[in-house]
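The values are calculated or read from the model by the stated rules, or taken from the named source; none is laboratory data. Since this is a predicted model, take the numbers as computed values, not measurements. Methodologically, a virtual Cβ is constructed for each residue, glycine included, from the backbone with ideal geometry; neighbour enumeration extends over all protein chains shown. All accessible areas refer to the heavy atoms of the entire protein, side chains included, with ligands and DNA or RNA removed. Shrake-Rupley method; radii C 1.70, N 1.55, O 1.52, S 1.80 Å.
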Amino acid sequence: MTRHRIMIQKWKYDEVGQDIQRDTSRDPNEISAPLEHLQELKNSDYKIDDLFSRIYGWPVVDAVGARMGILKDFLYDKTDKRIRYLVVSLEKGARLKEEKDILIPIGRAELNQKEQKVFVQEQVSFENLKSLPTYRSVKSLAIEDEKKTLLIFSSKQKEELDYTQENFYNQEDFNERTFFGSDEE
């Protein structure tokens, strides 16, 4: 399987509708409020690398290939320009009474381009996913929702989850290489 690094770039249109890249430099001393740093990728003026733009709508499956839902969007960190979560729509059916959107940390899923599927890590069941907080919008996302989500996917205990923007995302749960792969293969 060929693996590639993900790129997120900010774009704007010039007066005649041509794509031009926008400078995204910022003051390094600027401090964001805890969740103001997250944004939905589809509804932003950022875009995912063209190589990966077709993955929206791909099935999200468990380790044995049972369909759980579809990839709806990504939440990315505007400050660090990194994807933090997959927005997954769990599908209504025998195991779920109504559709539900959830967040999956980017490092807890893997993209399989050959099969055109997103695989969720082995130890997470559909029952675990159903127990995740419902995701409605980034504006309604709270720190507690992030902590609850991470507890489902992580072996850490609640007492070990110290939320600061500097350390919360510095763990394998948010490693983009797990999902997209690395350039070194």
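What is the distance in Å between the Cα centres of the range 57-110 and the range 115-152?
7
Calculate, for the range 40-163, the solvent-accessible area per residue in square angstrom, rolling a 1.4 angstrom probe over the heavy atoms of the protein chains.
Value for the range 40-163: 50 Å² per residue.
Any idea how far apart D62 and E172 come out in nm if each label point goes 7 Å out from Cα toward Cβ?
Calculated label separation equals 2.1 nm.
Tell me the carbon and sulfur percent of the accessible area for the range 66-127, rounded to whole percent, probe radius 1.4 Å. Kindly include the intermediate steps, with their values, before the conclusion.
Working: 1220 of 2870 Å².
Of the solvent-accessible surface of the range 66-127, carbon and sulfur hold 42 percent.
On alpha-carbon atoms, Rg over Rh for the range 52-137 using Kirkwood Rh?
Numbers: Rg = 12.4 Å, Rh = 13.1 Å.
Result for the range 52-137 is an Rg/Rh of 0.95.
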